Amino acid sequence: MAGSLNNLGSVLQDQGKDLAGAQERHQEALDMRLRLHPDEDHPDVATSLNNLGSVLQDQGKDLAGAQERHQE
């Protein structure tokens, strides 16, 4: 399920039409993955953090948040 949410978020982001929706999907995927892997060191968690940071960067409204996500 988290993988599907992540993929949907990526499609929405790539289309550039619904960045808020992309952010929501990436956040949902991250939340799910953190429940499965609370240590935050799992590659799936890193992927979700990266994708969330990327969509925040594309939105240009939370660059500090995007930087934090990319550095995690």
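Worth a mention:
- Scanning segment 11-34 for residues that are under 12 Å from THR47 (Cα atoms) and within 8 Å of the chain's Cα centre (by Cα) yields a total of 4.
- Flag for ALA22 being of a type in the set (A, V, I, L, M) and within 14 Å of GLY53 (Cα to Cα): yes
- Of the residues in segment 62-69, at least one is open to solvent by less than 30 Å² (accessible area, probe 1.4 Å), modelled with pLDDT under 95 and part of a helix (DSSP H, G or I).
The values are calculated or read from the model by the stated rules, or taken from the named source; none is laboratory data. Nothing here was measured: the structure is a model prediction, and the numbers come from that model. When the accessible area is computed, the model is the full protein with side chains, heavy atoms only, and any ligands, DNA or RNA have been set aside. Shrake-Rupley method; radii C 1.70, N 1.55, O 1.52, S 1.80 Å.
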